[in-house]
Amino acid sequence: MTSRPAAGGGRWVEVDPARVARWVEGFADRHGPPTTTVEAYGLLLAAPDGATAELHTPPGAPGAADVSGFVAAAAAPRRLGLLLARKGAVAVGVAAGEELVVSKVDTRYVQGRTAAGGWSQQRFARRRDNQAKAALGDAVELAVRLLLPEAATLNALVCGGDRRAVDTVLAERRLAPLAALRAERLLDVPEPRHAVLVGAIAAARAVRILVRDPAPDRAD
(Lines give C-alpha, C1' and ligand atoms only; values in the text may rest on other atoms or scores of the structure.)
Protein backbone atom coordinates (compact mmCIF):
# COMPACT_ATOMS: atom_id res chain seq x y z
CA MET A 1 0.00 0.00 0.00
CA THR A 2 1.28 3.46 -0.89
CA SER A 3 0.19 6.84 0.46
CA ARG A 4 0.68 10.44 -0.65
CA PRO A 5 -0.90 13.83 0.18
CA ALA A 6 -3.91 14.86 -1.89
CA ALA A 7 -4.44 18.31 -3.35
CA GLY A 8 -7.10 20.07 -1.31
CA GLY A 9 -6.47 17.99 1.79
CA GLY A 10 -6.50 14.37 2.81
CA ARG A 11 -4.32 11.67 1.34
CA TRP A 12 -4.44 9.16 -1.46
CA VAL A 13 -3.74 5.54 -0.65
CA GLU A 14 -3.39 2.78 -3.23
CA VAL A 15 -4.45 -0.66 -2.09
CA ASP A 16 -4.11 -4.03 -3.79
CA PRO A 17 -7.60 -5.31 -4.66
CA ALA A 18 -7.09 -8.38 -2.47
CA ARG A 19 -6.54 -6.13 0.56
CA VAL A 20 -9.43 -3.69 0.11
CA ALA A 21 -11.86 -5.60 2.36
CA ARG A 22 -9.28 -5.65 5.18
CA TRP A 23 -8.58 -1.93 4.64
CA VAL A 24 -12.29 -1.11 4.95
CA GLU A 25 -12.50 -3.17 8.15
CA GLY A 26 -9.57 -1.19 9.57
CA PHE A 27 -11.24 2.10 8.60
CA ALA A 28 -14.40 1.02 10.45
CA ASP A 29 -12.38 -0.04 13.51
CA ARG A 30 -10.65 3.34 13.67
CA HIS A 31 -13.60 5.62 12.92
CA GLY A 32 -16.77 3.63 13.54
CA PRO A 33 -19.09 1.76 11.15
CA PRO A 34 -19.44 3.94 8.02
CA THR A 35 -22.45 4.57 5.83
CA THR A 36 -21.96 3.72 2.15
CA THR A 37 -23.10 5.89 -0.76
CA VAL A 38 -22.76 5.15 -4.45
CA GLU A 39 -20.95 7.96 -6.30
CA ALA A 40 -19.85 8.47 -9.90
CA TYR A 41 -16.26 7.51 -8.98
CA GLY A 42 -17.22 4.47 -6.89
CA LEU A 43 -18.22 4.37 -3.22
CA LEU A 44 -18.12 6.95 -0.44
CA LEU A 45 -17.65 5.70 3.10
CA ALA A 46 -18.68 8.24 5.76
CA ALA A 47 -17.79 7.37 9.36
CA PRO A 48 -19.61 8.64 12.48
CA ASP A 49 -16.59 10.69 13.58
CA GLY A 50 -16.51 12.66 10.30
CA ALA A 51 -13.79 10.67 8.51
CA THR A 52 -14.48 9.79 4.88
CA ALA A 53 -12.97 7.41 2.35
CA GLU A 54 -13.64 7.64 -1.37
CA LEU A 55 -13.13 4.24 -3.02
CA HIS A 56 -12.42 4.84 -6.70
CA THR A 57 -13.36 2.03 -9.06
CA PRO A 58 -10.16 0.79 -10.73
CA PRO A 59 -9.86 0.98 -14.54
CA GLY A 60 -12.03 -1.49 -16.40
CA ALA A 61 -13.99 -2.68 -13.36
CA PRO A 62 -17.78 -2.28 -13.21
CA GLY A 63 -19.48 -0.15 -10.58
CA ALA A 64 -20.89 -1.66 -7.40
CA ALA A 65 -23.63 -0.82 -4.91
CA ASP A 66 -21.83 -1.99 -1.76
CA VAL A 67 -18.38 -2.80 -0.42
CA SER A 68 -18.59 -6.55 -1.04
CA GLY A 69 -19.58 -5.96 -4.67
CA PHE A 70 -16.83 -3.36 -5.04
CA VAL A 71 -14.19 -5.74 -3.69
CA ALA A 72 -15.32 -8.56 -5.98
CA ALA A 73 -15.29 -6.30 -9.05
CA ALA A 74 -11.88 -4.84 -8.22
CA ALA A 75 -10.30 -8.25 -7.69
CA ALA A 76 -11.80 -9.88 -10.80
CA PRO A 77 -9.43 -10.48 -13.74
CA ARG A 78 -9.64 -7.82 -16.43
CA ARG A 79 -7.92 -7.29 -19.75
CA LEU A 80 -6.10 -3.96 -19.65
CA GLY A 81 -4.10 -2.19 -22.31
CA LEU A 82 -0.98 -0.35 -21.13
CA LEU A 83 0.66 2.61 -22.83
CA LEU A 84 3.69 4.17 -21.13
CA ALA A 85 5.52 7.04 -22.82
CA ARG A 86 8.29 9.33 -21.63
CA LYS A 87 10.85 11.21 -23.74
CA GLY A 88 12.28 8.77 -26.26
CA ALA A 89 10.94 5.58 -24.73
CA VAL A 90 7.58 3.88 -25.07
CA ALA A 91 6.24 0.62 -23.71
CA VAL A 92 2.96 -1.00 -24.70
CA GLY A 93 1.38 -4.12 -23.34
CA VAL A 94 -1.76 -6.08 -22.61
CA ALA A 95 -2.39 -7.54 -19.17
CA ALA A 96 -4.81 -10.41 -18.62
CA GLY A 97 -5.46 -10.21 -14.90
CA GLU A 98 -2.02 -9.91 -13.31
CA GLU A 99 -0.15 -11.46 -16.26
CA LEU A 100 1.52 -9.51 -19.07
CA VAL A 101 0.55 -11.36 -22.26
CA VAL A 102 1.62 -8.81 -24.91
CA SER A 103 4.56 -6.44 -24.55
CA LYS A 104 7.01 -4.34 -26.51
CA VAL A 105 9.45 -1.63 -25.45
CA ASP A 106 11.04 0.78 -27.90
CA THR A 107 13.74 3.33 -27.14
CA ARG A 108 14.91 6.07 -29.46
CA TYR A 109 17.68 8.53 -28.60
CA VAL A 110 16.48 12.04 -27.78
CA GLN A 111 19.24 14.54 -27.12
CA GLY A 112 19.28 16.13 -23.69
CA ARG A 113 19.09 19.84 -23.07
CA THR A 114 22.21 21.88 -23.73
CA ALA A 115 23.52 24.94 -21.97
CA ALA A 116 25.01 26.31 -25.20
CA GLY A 117 23.79 29.70 -26.38
CA GLY A 118 23.10 31.46 -29.66
CA TRP A 119 23.00 29.60 -32.96
CA SER A 120 24.28 26.35 -31.46
CA GLN A 121 21.48 26.30 -28.88
CA GLN A 122 18.86 26.82 -31.60
CA ARG A 123 20.36 24.07 -33.73
CA PHE A 124 20.42 21.62 -30.82
CA ALA A 125 16.83 22.56 -29.91
CA ARG A 126 15.63 21.87 -33.46
CA ARG A 127 17.49 18.56 -33.51
CA ARG A 128 16.00 17.59 -30.17
CA ASP A 129 12.46 18.48 -31.33
CA ASN A 130 12.92 16.41 -34.47
CA GLN A 131 14.18 13.46 -32.42
CA ALA A 132 11.23 13.75 -30.03
CA LYS A 133 8.73 13.86 -32.93
CA ALA A 134 10.35 10.80 -34.49
CA ALA A 135 10.15 8.96 -31.15
CA LEU A 136 6.45 9.75 -30.80
CA GLY A 137 5.88 8.64 -34.38
CA ASP A 138 7.47 5.30 -33.49
CA ALA A 139 5.22 5.13 -30.42
CA VAL A 140 2.13 5.63 -32.57
CA GLU A 141 3.13 2.84 -34.95
CA LEU A 142 3.87 0.52 -32.04
CA ALA A 143 0.42 1.18 -30.56
CA VAL A 144 -1.21 0.66 -33.95
CA ARG A 145 0.59 -2.64 -34.43
CA LEU A 146 0.20 -4.17 -30.97
CA LEU A 147 -2.62 -2.45 -29.08
CA LEU A 148 -5.13 -1.50 -31.76
CA PRO A 149 -5.88 -5.12 -32.78
CA GLU A 150 -6.64 -5.84 -29.09
CA ALA A 151 -8.99 -2.86 -28.60
CA ALA A 152 -12.20 -4.88 -28.83
CA THR A 153 -10.96 -7.23 -26.08
CA LEU A 154 -9.85 -4.56 -23.59
CA ASN A 155 -11.79 -3.38 -20.55
CA ALA A 156 -9.70 -0.20 -20.39
CA LEU A 157 -6.49 1.46 -21.54
CA VAL A 158 -4.25 2.66 -18.71
CA CYS A 159 -1.53 5.16 -19.57
CA GLY A 160 1.54 6.34 -17.73
CA GLY A 161 4.58 8.59 -17.95
CA ASP A 162 4.47 12.02 -19.56
CA ARG A 163 0.89 13.20 -20.13
CA ARG A 164 1.81 15.35 -23.11
CA ALA A 165 3.55 12.45 -24.84
CA VAL A 166 0.62 10.12 -24.17
CA ASP A 167 -1.88 12.73 -25.41
CA THR A 168 0.14 13.16 -28.60
CA VAL A 169 0.20 9.43 -29.29
CA LEU A 170 -3.53 8.98 -28.69
CA ALA A 171 -4.37 12.00 -30.85
CA GLU A 172 -3.53 9.84 -33.86
CA ARG A 173 -6.79 9.24 -35.75
CA ARG A 174 -6.14 5.53 -36.18
CA LEU A 175 -5.96 5.09 -32.41
CA ALA A 176 -9.45 6.51 -31.74
CA PRO A 177 -10.77 3.10 -30.55
CA LEU A 178 -8.00 3.03 -27.93
CA ALA A 179 -8.46 6.67 -26.92
CA ALA A 180 -12.12 5.89 -26.21
CA LEU A 181 -10.99 3.25 -23.67
CA ARG A 182 -8.50 5.51 -21.89
CA ALA A 183 -8.85 5.56 -18.11
CA GLU A 184 -8.62 8.85 -16.27
CA ARG A 185 -5.76 7.53 -14.14
CA LEU A 186 -2.21 8.41 -15.32
CA LEU A 187 0.46 6.23 -13.77
CA ASP A 188 3.60 7.92 -12.47
CA VAL A 189 6.37 5.78 -13.97
CA PRO A 190 10.06 6.26 -14.77
CA GLU A 191 11.43 5.85 -18.30
CA PRO A 192 9.59 2.84 -19.71
CA ARG A 193 11.40 -0.48 -19.61
CA HIS A 194 10.08 -4.02 -19.54
CA ALA A 195 10.31 -4.17 -15.74
CA VAL A 196 8.44 -0.87 -15.51
CA LEU A 197 5.72 -2.26 -17.78
CA VAL A 198 5.36 -5.34 -15.58
CA GLY A 199 5.17 -3.16 -12.47
CA ALA A 200 2.51 -0.99 -14.09
CA ILE A 201 0.04 -3.89 -14.00
CA ALA A 202 -0.27 -3.77 -10.21
CA ALA A 203 -0.49 0.02 -10.27
CA ALA A 204 -3.24 -0.10 -12.91
CA ARG A 205 -5.26 -2.64 -10.91
CA ALA A 206 -4.80 -0.94 -7.53
CA VAL A 207 -7.77 0.70 -5.82
CA ARG A 208 -7.21 4.40 -5.16
CA ILE A 209 -8.79 5.66 -1.95
CA LEU A 210 -9.02 9.33 -0.96
CA VAL A 211 -9.01 9.49 2.84
CA ARG A 212 -10.00 12.56 4.80
CA ASP A 213 -9.66 12.47 8.57
CA PRO A 214 -12.20 14.10 10.88
CA ALA A 215 -11.68 17.77 11.65
CA PRO A 216 -10.00 18.32 15.04
CA ASP A 217 -12.19 19.58 17.84
CA ARG A 218 -11.71 23.26 18.66
CA ALA A 219 -11.83 24.54 22.17
CA ASP A 220 -14.31 27.36 22.83
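The values are calculated or read from the model by the stated rules, or taken from the named source; none is laboratory data. Because the structure is predicted, anything quoted here is derived from the model rather than measured. All Cβ positions, glycine included, derive from the backbone under ideal geometry; neighbour counts span all protein chains shown. Just so you know, the surface numbers come from the protein's heavy atoms only, side chains and all, with ligands and any DNA or RNA stripped out. Shrake-Rupley method; radii C 1.70, N 1.55, O 1.52, S 1.80 Å.
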Magnitude of the Cβ-charge dipole (Lys and Arg +1, Asp and Glu -1) of the chain about the Cα centre, nearest 20 debye, reported as 1300
For q values of 0.13 Å⁻¹, compute log₁₀ I(q)/I(0) with the Debye formula on a Cα-only model of the chain, without solvent. -0.80
From the residues 194, 13, 64, which one has its Cα farthest along the dipole of the chain in the positive direction, the dipole being from +1 and -1 charges on Cβ of Lys/Arg and Asp/Glu about the Cα centre? 194
Roughly speaking, what is the stretch gain from residue 96 to residue 28, that is 0.36 nm per residue apart minus the C-alpha to C-alpha distance, in nm to one decimal? 21.2 nm
Where the accessible area of the chain is counted over protein heavy atoms with a 1.4 Å probe, how much of it, in %, is carbon and sulfur? 52
At q = 0.17 Å⁻¹, what base-10 log of I(q)/I(0) does the Debye formula yield for segment 170-220 when every alpha carbon is treated as an equal point scatterer in vacuo? -0.76
With a ≥ b ≥ c taken as the square roots of the eigenvalues of the C-alpha gyration tensor of segment 1-110, please select rounded if a/c is under 1.5 and otherwise prolate if a/b is larger than b/c or oblate if it is not? prolate
Treating the beta-carbon of each Lys and Arg as +1 and of each Asp and Glu as -1, no other charges, what is the dipole magnitude of segment 19-96 about its Cα centre, to the nearest 20 debye? 580
When the chain is treated as a Gaussian network with springs between alpha carbons less than 10 Å apart, the largest mean-square fluctuation among 150, 14, 39 is found at 39
